[in-house]
Structure formats: structure tokens, C-alpha cells
Amino acid sequence: MALNQSPLTPRIIFRRLHLALWLSLPFTASALFAQPFLTSGSLTATWHDNLTQAVAGVEHLAATQFAASLAAEHCHTLNRDDALLLGAAINAEAWSRYTGLDRATLGGQLGWRHRFGLGAYAPTLRLDLATAVVVARESARTGNQSTATLRASRRFSPETRLDLAADYGRQTARDTVLGQQRGSLSAEVAYDPNPQWRWRGRVRWANGDVLVYHPVTWTPWGWQHLHGYGAGYNYYAFPTSIVRTFGPPHHAHRVFAHTWSYSLGVSPAIGPRTALTFQIERAETAYDAISYINHALTLGVAHQF
């Protein structure tokens, strides 16, 4: 008698990936401390002009995100062209306002890298599977996140390198409305005019879940949006939840949208293993008949230990 089997949906695949990577963490840690590993850290401050992903300017809320990260990676050579990569990372985020968005993550990463030939101009292909536990100040946002990333890169000259990437990620939350699944494709060009300076330009397309927030007020007929949802907006088509992250109550909507983003950055070196980072980014997101724009400005420092 044939057994009934459930289809392998993306949700089931990422659950199994999350479990497998967490089971491998003890072996990852053992390998990291038993072998030489590369450790890096960074500190950044990013100003966002539209945290609520709102269309109407009156609903835009701005704040600065402060982030710190520490990562360690061990590269185990398999043969001339292939290497196994084991890593672990801890990240923390704090916000100048709306501290309910504060969170910390702890996770591990398993990767494989293949180099097509020898020399600095040989193209490389890399696959990474990562998972992490997310602890948020607002308990409704606590959960897990898993990401699969495929990246191809090639240096065309001593100054110029091209990176192409595709990724798919899933984040769970205690409040299911606040969970997200999203994939993206990106292309980045890096230009190093000299050893002290690096310029980067990137274009990225993303498709999947986005959290949109609208201010609401309670009336005898239930929660009502203060400014109207706008033409083309079907409120009942999206999962919703009431949150107080921004002080007054907001409806959190999980919508399916696509985003085009463009960024330009420069990284001047201030030491043999330390560089500053300056980046500006513009993103336009659309769903149904609605679109909105986000801007972000990032200042940071990165160091390789």
C-alpha cells in the first residue's frame, strides 16, 4: 500500500534546513576552534526615512538603525578547486526610536565554493546555507530565519570585479503576520582605483513579503485607518495585526510586493585591515496599484582581525 506523502513546500524545506544547520552547529564550532579561522566585525549606523513602508508622506516615520556584527569563518580545502566553508555569526540591532524593532541574532552557516581555474581572474561560484535564532525586544517578532544564497564572482581587471547573487530567505515570528519570505537577484560592480579606495554600485530586484504599517484608531465600528488606504488598496486581501511598535496603534500588513533598489558606496581604507563605509540607497516597492519609495544612508566601519 502506497504511503501518502506531503509535498515539499518551501516552508517544509526551510524548516528542515533550519533543523539540519542547527544540528551541525556543534561540529561547526569544533572545526572553527580546532583550525585557523577568519574573524571580522563591523559597526554601522543607517538612517531610514520610511520605516512604515507608507505611501502617504504624513505616515512616513524615520529612525536610525545601529548594528554590530561579529563573524568567524573557517575554510577547509577539499581539492584544487573546491572548498568547504563553516561559519558562525552574532548580530545586534538597536534603533534610535521605536525600540520594539531592537533584536539580536545568533546563527551558523555552511557553504561550498568552487573556483573555475587558477589565478586572480578565475571565476568563482559559492553556495551558502545559513540559519539563526532571532530574539527581539517585542516578543511577537522573535523567531528564526533561514537563507540560501548562490553567488558568482569574477575579477575582470586588477581594479574591477563583478558579483552576481540570488538568495531566498524565510523568517518566522510568534505573530505570524510579522513573518516573511522573500527572494532577490542582484548585481554589484566593485572598482578599486588604488589599494586605499573601493567604489561599489549595486542594483537589486526582490520579490516576496513586505511589512507595511498604517496608523489606525478605534471606533465603535472597529479599527479605522486615519488617512484612508488609497485607491487600489484591497485591505482585506492581506494578513493583518495590530502593533504598537511606533507608539500609537498601527495595522501591520504582510503584502506580496516587488522592489527595485539601487545603491552606491565607497570604502576608504584607514588601516591594513580596517575600512570605513559610506553608502546611499534608493528603493521603490510596488504591490497592487500602490508604490512607495525608501531612502537609506549608511556610515560604518569594518575590521578583519
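Out of all the residues in the range 110-124, which are surrounded by 17 or more Cβ atoms within 10 Å (Cβ to Cβ), without any contact (Cβ under 8 Å) to a residue 40 or more places away in the chain and not β-branched (Val, Ile, Thr)? Passing the criteria: Gly111, Arg113. Do we have Val177 as over 30 Å from Ala275 (Cα atoms), surrounded by 14 or more Cβ atoms within 10 Å (Cβ to Cβ) and either of a type outside the set (S, T, N, Q) or modelled with pLDDT of 95 or more (or both) here? Spelling it out, Val177 is indeed over 30 Å from Ala275 (Cα atoms), surrounded by 14 or more Cβ atoms within 10 Å (Cβ to Cβ) and either of a type outside the set (S, T, N, Q) or modelled with pLDDT of 95 or more (or both). Cβ separations smaller than 7 Å between residues 6+ apart or across chains give the following pairs from the range 234-256 residues that are closer than 19 Å to Leu101 by Cβ and of a type in the set (Val, Ile, Thr) to residues that are in a helix (DSSP H, G or I) and modelled with pLDDT of 85 or more: Thr240/Val177; Thr245/Gly100; Thr245/Leu101. From the set of residues in the range 48-82 that are assigned to a loop (DSSP other than H, G, I, E, B) and surrounded by fewer than 17 Cβ atoms within 10 Å (Cβ to Cβ), which is modelled with the lowest pLDDT? The selected residue is Ala56.
Would you please name the residue that is surrounded by the fewest Cβ atoms within 10 Å (Cβ to Cβ), looking only at residues in the range 125-165 that are among the small types (Gly, Ala, Ser), free of Cβ contacts under 8 Å to residues at least 40 places away in the same chain and farther than 22 Å from Val243 by Cβ? Quick ask: steps written out before the conclusion?
The initial filter retains those residues of the range 125-165 that are among the small types (Gly, Ala, Ser), namely 130, 132, 136, 139-140, 143, 146, 148, 152-153, 157, 165.
With free of Cβ contacts under 8 Å to residues at least 40 places away in the same chain added as a condition, the list becomes 136, 139, 143, 152-153, 157, 165.
Adding the requirement that they be farther than 22 Å from Val243 by Cβ leaves 152-153, 157, 165.
Working: Ala152: 15, Ser153: 15, Ser157: 10, Ala165: 18.
Within the range 125-165, the match that is surrounded by the fewest Cβ atoms within 10 Å (Cβ to Cβ) is Ser157.
Does any residue of the range 139-150 turn out to be hydroxyl-bearing (Ser, Thr, Tyr), part of a strand (DSSP E or B) and over 20 Å from the mean Cα position of the chain (by Cα)?
Kept after step one, since they are hydroxyl-bearing (Ser, Thr, Tyr), are these residues of the range 139-150: 139, 142, 146-147, 149.
Okay, now just the ones that are also part of a strand (DSSP E or B), so 146-147, 149.
Now drop any that are not over 20 Å from the mean Cα position of the chain (by Cα), which leaves none.
Looking through the range 139-150, none of the residues is hydroxyl-bearing (Ser, Thr, Tyr), part of a strand (DSSP E or B) and over 20 Å from the mean Cα position of the chain (by Cα).
Name the residues in the range 83-125 that are outside any strand (DSSP E or B) and of a type in the set (A, V, I, L, M, F, W, C), would you? Show your work before the answer.
At the first step, the residues of the range 83-125 found to be outside any strand (DSSP E or B) are 96-102, 116-123.
Of everything in the range 83-125, those that are outside any strand (DSSP E or B) and of a type in the set (A, V, I, L, M, F, W, C) turn out to be Leu101, Phe116, Leu118, Ala120, Ala122.
Which fully enclosed strands (runs of 3 or more DSSP E) of the range 228-301 have 3 or more residues being modelled with pLDDT of 85 or more and among the hydrophobic types (A, V, I, L, M, F, W, C)? Quick ask: steps written out before the conclusion?
Numbers: elements: 240-243, 250-271, 274-287.
Of the strands (runs of 3 or more DSSP E) lying wholly inside the range 228-301, those with at least 3 residues that are modelled with pLDDT of 85 or more and among the hydrophobic types (A, V, I, L, M, F, W, C) span 250-271, 274-287.
Cβ separations smaller than 8 Å between residues 6+ apart or across chains give the following pairs from the range 285-296 residues that are at positive phi to residues that are in a strand (DSSP E or B): Asp288/Val255.
Looking at this structure, is Tyr191 at pLDDT below 90 and of a type outside the set (Gly, Ala, Ser)? Quick ask: steps written out before the conclusion?
Details: at pLDDT below 90: no; of a type outside the set (Gly, Ala, Ser): yes.
Criteria not met by Tyr191.
The values are calculated or read from the model by the stated rules, or taken from the named source; none is laboratory data. This structure is a prediction, so every number in the text was calculated from the model and none was measured. Ideal geometry is used to build each Cβ from the backbone, glycine not excepted, and the neighbour counts take in all protein chains shown.
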